[in-house]
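Only one structure is covered here, and it is reproduced in the block below.
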Amino acid sequence: MHRSAYIFLLLTTLLWGGNSVAGKLAVGHVSPMTLVFLRWVLAVLIMLPIGWRSMREDWPVVRKHWIVLAALGASGFTLFNTIFYTALNYTTAINVSIEQAAIPILIMTANFVFFRLRVNWAQIAGVVLTIVGVILTACHGDPRRLLTLELNFGDAIMLVAVFLYSGYSVGLRLKPVMRWQSLMLALSIAALVTSLPFFLWEIAAGKVIVPDAHGWTVIVYTAIGASVISQMFYIRGNELIGANRAGLFINLVPIFGTLLSVLIVGETFQIYQALALVLVLGGIGLAEYSGRKAASPPSVRTR
């Protein structure tokens with residue numbers, strides 16, 4: 001059972017890591033807003049036969065909590081991906097992969113600020129290490145850039161996307177109780193609707209890049225792989241080993257994203273990126289290890 005869960009979760013994080021590469025490969029072949037819009041068009045078409053029956057049964061819940069669901073879909077799916085793909089026009093896939101590793105730490109921080117969930121000194125140290133790693137990546141290994149505000153535009157807006165997705169993750173505490181099929185379909189529809197204005201703006205501004213064959217390949221991958229299949233695998237992995245242990249696998253996303261960027265895109269792996277990766281993953285590991293120890297009674301094994 002555990003072996004199956006590990007396979008599902010490894011494939012999930014591999015697909016999510018590949019999203020950074022897909023976004024980089026999309027540059028010049030499909031414009032960012034068009035990619036986001038068409039991604040969710042396909043995702044909704046795929047999810048409709050899967051979630052329609054559940055959606056009908058859960059409709060009273062959806063109708064009552066549609067504002068929350070719309071906000072979650074807009075922030076976590078539309079706005080995050082819009083900024084994410086735009087950032088990849090200005091920075092490397094390796095950088096955005098490493099910068100995403102700050103998300104678990106920001107989630108922990110937000111939970112403390114808004115919900116007063118306890119943290120210990122080891123978790124705080126983990127936060128500091130991760131922030132240092134993200135800053136090192138954003139300033140391309142030269143902290144002096146911070147003094148002259150010479151941050152790469154792509155890295156700067158990617159940090160905004162990281163905050164958005166962290167807020168979305170914390171906001172999931174507010175989601176109503178409903179079947180996962182209904183939830184995925186509702187969030188996908190919300191993402192599709194809220195991505196439409198960005199798509200129309202891109203058309204009006206004359207910045208649309210109509211997808212060619214290469215662009216359509218990226219769109220299909222992001223819709224099927226990074227959206228639908230990965231979510232199904234993640235949910236199944238959660239069912240087999242529990243949410244706490246499954247959540248630890250998210251830390252593999254920057255690892256896979258970095259490796260795939262080197263292997264597929266041909267990006268050069270810089271020394272500062274290796275150091276940043278060590279700092280980020282070290283910070284996450286320290287924070288989560290100490291968090292697990294604090295959450296588990298000494299005499300009881302929970303994992």
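The values are calculated or read from the model by the stated rules, or taken from the named source; none is laboratory data. Being a predicted model, the structure only gives us computed values, none of them experimental. So basically every Cβ, Gly included, is an ideal-geometry build from the backbone, and we count neighbours across all protein chains shown. Note: areas computed on protein heavy atoms with side chains; ligands, DNA, RNA excluded. Shrake-Rupley method; radii C 1.70, N 1.55, O 1.52, S 1.80 Å.
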Added length on full extension, which subtracts the Cα-Cα distance from 0.36 nm per residue, Arg3 to Leu200: 66.4 nm
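Return the inverse of the average 1/r over all pairs of distinct C-alpha atoms in segment 1-109, which is the Kirkwood hydrodynamic radius, in Å to one decimal. List each step's numbers first, then the result.
Values: mean 1/r = 0.0614 Å⁻¹.
Averaging 1/r across every pair of different Cα atoms and inverting gives 16.3 Å.
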Among Trp16, Trp121, Trp59: highest mean-square fluctuation, GNM of the chain, C-alpha pairs under 10 Å: Trp121
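Rounded, prolate or oblate: which fits segment 81-216 when a ≥ b ≥ c are the square roots of the eigenvalues of the alpha-carbon gyration tensor, with rounded for a/c under 1.5 and prolate only if a/b beats b/c? Don't skip to the answer; put the middle values down first.
Working: a/c = 2.53, a/b = 1.12, b/c = 2.26.
Note, shape of segment 81-216 comes out oblate.
From the square roots a ≥ b ≥ c of the eigenvalues of the alpha-carbon gyration tensor of segment 148-200, which class results: rounded (a/c under 1.5), prolate (a/b over b/c), or oblate?
oblate
In debye to the nearest 20, how big a dipole does the chain give about its Cα centre with +1 on each Lys and Arg Cβ and -1 on each Asp and Glu Cβ? Don't jump to the answer; show the numbers that get you there.
Details: 21 positive and 11 negative charges, 234 e Å.
Dipole about the Cα centre, nearest 20: 1120 debye.
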GNM flexibility winner over the chain from Ala87, Ala191, Ala213 (Cα, springs under 10 Å): Ala213
For segment 154-279, radius of gyration divided by Kirkwood radius, i.e. Rg to Rh on alpha-carbons: 0.99
Fluctuation leader among Leu106, Leu48, Leu263 - the chain, Gaussian network, Cα springs under 10 angstrom: Leu263
Signed unit charges on C-beta, dipole axis of the chain, positive-most listed residue Leu72, Ala274, Asn95: Leu72
Val134 accessible area, assembled protein chains, probe 1.4 Å, Å²: 10
Distance from segment 154-205 to segment 44-96 (C-alpha centre basis), Å: 4
Highest average packing first - 180-187, 218-225, Cβ atoms within 10 Å: 180-187, 218-225
Distance in nm between pseudo-label sites at Ala156 and Lys175 (7 Å out along the Cβ direction from Cα): 3.3
By average C-beta atoms within 10 angstrom, highest first, the peptides 49-56, 109-116, 6-13: 6-13, 49-56, 109-116
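With each run of n ≥ 4 DSSP H residues scored as -39500 (n - 2.57), what mean residue ellipticity at 222 nm is computed for the chain after dividing by its residue count and rounding to the nearest 500 deg cm²/dmol?
Numbers: 16 runs with 218 residues, N = 303.
Value at 222 nm, helices only: -23000 deg cm²/dmol.
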